[in-house]
Amino acid sequence: MASDVTGLTDLLYEFGLLKRYKRTGWLVAGVRDPESVADHSFRTAVIAAVIARLEGGDPQRAAFMALFHDSQETRVTDIPYLGKCYLKAASNEEVTADQTRDVAGPVADMVRDAVAEYEEKTSIEAVCARDADKLECLLQAVEYREQGNHNTQGWIDSSLAAITTTTGKRLAEEALSTGTLDWVVRVLNGGGVP
């Protein structure tokens, strides 16, 4: 029992690194204090649930996969696309298998299954989670652009091109046609505040 708990505790501490690891693509773009991997994963999970619900999938399953989609970065960090041209990295499934090696079977299987499903793209939930990853990147790029960073268009374009679901595409188009704080004005003008 103690070894099962020790392995699981180790994994929980390891996943905590995602709160400290910054998304390196934004560093390349010149963003001074970019979001963390955990910041990205949180909003990706929320978006995955929304897209899955509107696409007829299971929102909980899509959100669950999105929570783990970048968890391998505790071991390999967030390698920018330019760096990936020169490196041969282990697959996310291999990294996840190593991460969960000392974790009790049911929990290890749960994490491994979520990562495998996400990577295989065989379910509607996996497709929605992958679209959520791209939509979150697009939203973040728009936010950084509004904050004065002028190097985000490449991230916007590549994210938009990678989105495949009807809902994801509609959300991306809406995000590109509105300001990131327009919702505040709508709430205040629409009586959404008591």
Residues to consider are Ala116, Ala97, Ala89; find the one that is free of Cβ contacts under 8 Å to residues at least 40 places away in the same chain, assigned to a loop (DSSP other than H, G, I, E, B), touching a helix residue (DSSP H, G or I) at 6+ places or on another chain (Cβ under 7 Å) and at negative phi.
Ala89
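Every residue, every condition in (1) in a helix (DSSP H, G or I); (2) among the polar types (S, T, N, Q); (3) open to solvent by 60 Å² or more (accessible area, probe 1.4 Å); (4) in contact with a strand residue (DSSP E or B) (Cβ under 8 Å, 6 or more places away or on another chain), yes or no:
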residue: Arg130; (1), (2), (3), (4): yes, no, yes, no
residue: Glu136; (1), (2), (3), (4): yes, no, no, no
residue: Leu139; (1), (2), (3), (4): yes, no, no, no
residue: Tyr144; (1), (2), (3), (4): yes, no, no, no
residue: His150; (1), (2), (3), (4): no, no, yes, no
residue: Gly154; (1), (2), (3), (4): yes, no, no, no
residue: Thr167; (1), (2), (3), (4): yes, yes, no, no
residue: Arg170; (1), (2), (3), (4): yes, no, yes, no
Return the only residue of Ala108, Ala116 being in contact with an Asp or Glu (Cβ under 6 Å, 6 or more places away or on another chain) and either open to solvent by less than 30 Å² (accessible area, probe 1.4 Å) or modelled with pLDDT of 95 or more (or both).
Ala116
First in segment 149-162 and farther than 16 Å from Glu173 by Cβ and in contact (Cβ under 8 Å) with a residue 60 or more places away in the chain, second anywhere and loosely packed, with under 14 Cβ neighbours inside 10 Å and small (Gly, Ala, Ser), Cβ under 8 Å, 6 or more apart
Asn149/Gly30; Asn151/Gly30
Looking at (1) at pLDDT below 90; (2) in a helix (DSSP H, G or I); (3) open to solvent by less than 50 Å² (accessible area, probe 1.4 Å), which one does Leu82 not meet, given that it meets all the others?
(3)
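The values are calculated or read from the model by the stated rules, or taken from the named source; none is laboratory data. Please read these numbers as outputs of a predicted model, since none were measured by experiment. Positions of Cβ are generated from backbone atoms using ideal geometry, with glycine treated the same way; all protein chains shown enter the neighbour counts. Surface areas here come from the heavy atoms of the whole protein model, side chains and all, with no ligands, DNA or RNA. Shrake-Rupley method; radii C 1.70, N 1.55, O 1.52, S 1.80 Å.
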